[in-house]
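The values are calculated or read from the model by the stated rules, or taken from the named source; none is laboratory data. Given the structure is predicted, the values throughout are model-derived calculations rather than measurements. Cβ placement follows ideal geometry from the backbone for every residue including glycine, while neighbour counts extend to all protein chains displayed. Surface areas here come from the heavy atoms of the whole protein model, side chains and all, with no ligands, DNA or RNA. Shrake-Rupley method; radii C 1.70, N 1.55, O 1.52, S 1.80 Å.
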Amino acid sequence: MMFKHNFKKVLSATAFAVALVVAPAANVSAATNDASSTQQSATATSQDQQASQDQAASQSSAANQSSATAVSASSSTSTSSATSTSTVKKTTKKAKKTTKKSKKKTSKKKAVKKVAKKTTKKRATKKAAEAAAKKAAAVKKAAAKKAAAAKKAAAKKAAAVKKAAAKKAAAKAAAKKKAAAKKKAAAKKKAAKKSAEKAAKYWIAMRESSGYYTARNGSCYGRYQLLISYLGGDLSKKNQERTADRYVYGRYGSWVNAKRFWLAHNWY
C-alpha cells in the first residue's frame with residue numbers, strides 16, 4: 001500500500017514538471033512569432049515553417065528530457081520506496097521482536113512480582129497467625145493466672161471464714177462452758193449456802209429447844225423459841241418454820257448471820 005501511494009505521487013510530480021516545461025516554451029514561441037510578424041510582416045512562409053519546426057523540435061526535446069527526468073525520479077522513488085519498505089519491514093520485525101521480548105520480560109517480571117507478592121502475603125498471613133496464636137496463648141495464660149489467683153484468694157477467704165467460724169464456735173463453746181461452770185459454781189454455792197443455812201437453822205433450833213416444836217419458855221414457844229405473838233395463834237410446825245424464816249431473814253439476812261449473832265450474844 002505504501003509503495004503504490006508513493007508511485008502515484010511520483011507520477012503526479014512528473015506530469016506537473018512536463019506541464020511547467022511545455023507552457024513556458026509555448027509562451028516564448030508565441031512571443032517570438034508576434035515580434036517577427038510586427039517587424040517583418042512580409043517574411044516568407046518558409047521562415048514561419050522553419051520557426052514552427054524549431055519550436056516543435058524544442059518542445060520534443062524538452063518533453064523527452066522531462067520524461068527521462070520523470071523516469072529517473074520514478075526509478076529513484078521506486079528504489080527509495082523499496083529500500084524504505086525493506087527498512088520499515090526490518091524495523092517493524094525488530095520492533096515486534098523487541099516488543100515480544102519486552103512483553104515476555106514484563107510477563108516474567110509480573111510473574112516474579114506475583115510470586116513475590118504471594119510469598120509476602122503468605123509470610124504476612126503466617127506472621128499474623130503466629131502473632132494471633134501468641135496473643136491467644138498470652139490471654140489464656142493471663143486468664144489461667146487470674147483464675148489461679150482468684151481460686152487461691154477464694155480458698156484463703158474460705159479458710160479465714162472457717163477459722164473465724166471455728167474461733168467463734170470455740171469462743172461460744174468456751175462461753176457456754178464458762179457459763180455452765182459459773183452456773184454450776186452458782187448452783188454449788190447456792191447449794192452450799194442452802195446447806196449452810198439449813199445447818200445454821202438446825203444449830204439454832206438445837207440450842208433453843210433441842211429441836212422440839214412444843215418446847216415453851218415463858219412467852220417463847222416452839223422449835224425456834226419465837227414469841228407467841230409472832231406465831232399469831234398458829235402453833236403448827238409449818239407456821240413455826242415460816243415465821244422463823246421471816247424473822248431471821250428480816251433481822252439478820254440469813255440463818256448463818258443469825259448463828260454468828262447467837263454465838264456473840266447467846267441469843268438471837
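Only one of these is on the phi < 0 side of the Ramachandran plot, under 19 Å from the mean Cα position of the chain (by Cα) and assigned to a helix (DSSP H, G or I): 155, 150, 131. Name it. Talk me through it step by step, then tell me what you get.
Numbers: 155 fails: under 19 Å from the mean Cα position of the chain (by Cα); 150 fails: under 19 Å from the mean Cα position of the chain (by Cα).
Unique residue meeting the criteria: 131.
Of everything in segment 227-258 that is open to solvent by less than 50 Å² (accessible area, probe 1.4 Å) and of a type in the set (D, E, K, R), the residue that is nearest to residue 192 (Cα to Cα) is 245. Taking every residue in segment 220-239 that is closer than 13 Å to residue 209 by Cβ and pairing it with any residue that is part of a loop (DSSP other than H, G, I, E, B), at least 6 positions away or on another chain, the pairs with Cβ-Cβ distances below 6 Å are 222/213; 223/213; 237/213. When each of 191, 181, 132, 187 is tested for being over 30 Å from residue 256 (Cβ atoms) and either out of contact with any Asp or Glu (no Cβ under 6 Å at 6 or more places or on another chain) or touching a residue at least 12 places away in the same chain (Cβ under 8 Å) (or both), the lone residue that passes is 132.
Here residue 224 clears all of (1) part of a helix (DSSP H, G or I); (2) open to solvent by less than 60 Å² (accessible area, probe 1.4 Å); (3) under 15 Å from residue 268 (Cα atoms) except the condition numbered (1). For residue 190, the test of being out of contact with any strand residue (DSSP E or B) (no Cβ under 8 Å at 6 or more places or on another chain) and open to solvent by 70 Å² or more (accessible area, probe 1.4 Å) is passed.
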